[in-house]
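Worksheet for the structure shown next.
The values are calculated or read from the model by the stated rules, or taken from the named source; none is laboratory data. Everything quoted here is computed from the prediction, not taken from an experiment. Please note: Cβ atoms are built from the backbone with ideal geometry, for glycine as well, and neighbour counts cover all protein chains shown. Just the protein is used for accessible areas: all its heavy atoms, side chains included, with ligands, DNA and RNA removed. Shrake-Rupley method; radii C 1.70, N 1.55, O 1.52, S 1.80 Å.
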Amino acid sequence: MYDALVLGAGVYGLSIATELTNRGLKVAIVARDLPEDDFSVGFASPWAGCNWCTFEERGDTPAAEWDAITFKYLGRLAEEHPNLCKRIPFVDLWPQKKPTPWFKGLVFNLEDIEGTPDKPLPGGYKHGASYESYILHAPNYMKHLAAGLRARGVPFIRRRLASLDEAYDLPETGSVDLVVNALALGNKSLLGVLDDKMYPAQGQTVLVKAPLVNTCTMSTGALDKTGPATMSDGELIAYIIPRPGPEGHVVCGGTYNKNNYSTLPSPTEAERILKDCYALDPLLAGPDGKSWRDIEVVAHNVGLRPSREGGVRLELEAREVGGPANGLVPKSRATKRRPVAVVHAYGPGGTGYQSSVGLAQKAADLVVGHLRSVPAASRL
Ligand code: FLA
């Protein structure tokens, strides 16, 4: 039988399932949206930018540790799979000067940069930092993780869950006593969780073809304060994230609209994004481009970042299944009341990929720690 089920097949679910399998555990993945559904707006992972650009302002937080662990992993991934992950120049742009970032010793060649009249920074910004970090091809990276799991016999079960308790006695997997909850925004309405700290942060982007662009430019903090809602402590105004791979695609963003559930691209927003990104890097329009209108658009995309007030929920919770029916919860297949547990691992907002490997290690520690604490005889 399975040591644990991983609920959710976004980058957190896939990374946790990979880490658990690496540690020799027998797991299965249960999810409504699967890695091959890379046009599904049912989850955020296919739509991610995607890069390593931490939003942690300090280096001594759990999330900063997850980001740092993931950064080191991405270096190995880039060497083995350059079409999935690539080290390129980054330029972070800020309206006000910031102290040298905590991750100076982690990324490569970080330097503070200042805009001057004869050497202005992109977009008219006055302050920022240049360094080298990693970009990822989000949809293909998800497929890469899924292929690795399938090659090791991890089944993917497509199923939609109305409640957490259903997961412990599914017909496809039989009874299990431990699940990992990586159901992201679904936790806002998942019976048995109903986490009202979860909210969508709507992100619209424009996927363009711009093979000459090889710099990731991130501008936060609107020059004229007209930008969208605040992301972390800056205002994510415009960002340019090249994608590894032969297509020469670049993700131009973006929006960060709290509690906006719309997954419909807005043409007005798309034009704003292209104009702002063109101002940051005219190479988007190609060597002979004259304006944002010369940018070759590939697609208009929207993803709902699974954000959470207070940040990621990473904790072990003891529960019980098989009790009397609870009105709203679909009938349980549990034949008798029994103690079970769940490791909650959800809510990274726009930081899922850059925290994924570090988070997965910590979640796996909770899983293994729990399994060791439960007498083997009582484990199915
Ligand atoms: N992580 C991406 C996002 O949240 C960002 O859209 F890099 F663009 F910020």
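The residues listed here are Gly59, Gly42; of these, the one that is in a loop (DSSP other than H, G, I, E, B), without any contact (Cβ under 8 Å) to a residue 12 or more places away in the chain and more than 14 Å from the ligand (Cβ to nearest atom) is Gly42.
Residues in the range 306-321 that are touching a residue at least 24 places away in the same chain (Cβ under 8 Å) and in a strand (DSSP E or B): 10 in all. Taking the criterion of being over 16 Å from the mean Cα position of the chain (by Cα) and open to solvent by 20 Å² or more (accessible area, probe 1.4 Å), the residues of the range 290-308 that qualify are Lys290, Ser291, Trp292, Arg293, Asp294, Glu296, Val297, Val298, Ala299, His300. The residues of the range 339-380 that are more than 16 Å from the ligand (Cβ to nearest atom), surrounded by 17 or more Cβ atoms within 10 Å (Cβ to Cβ) and in a strand (DSSP E or B), listed by number, are Val340, Ala341, Val342, Val343, His344, Ala345. So, in the range 107-125, exactly how many residues are open to solvent by 30 Å² or more (accessible area, probe 1.4 Å) and in contact with a Phe, Trp or Tyr (Cβ under 8 Å, 6 or more places away or on another chain)? The number of residues fulfilling the criteria is 3.
Pairs are defined by a Cβ separation below 8 Å, a sequence spacing of at least 6 or placement on different chains, a first member in the range 193-219 that is aromatic (Phe, Trp, Tyr), and a second member that is within 16 Å of the ligand (Cβ to nearest atom) and open to solvent by less than 10 Å² (accessible area, probe 1.4 Å); the pairs so defined are Tyr199/Ser307.
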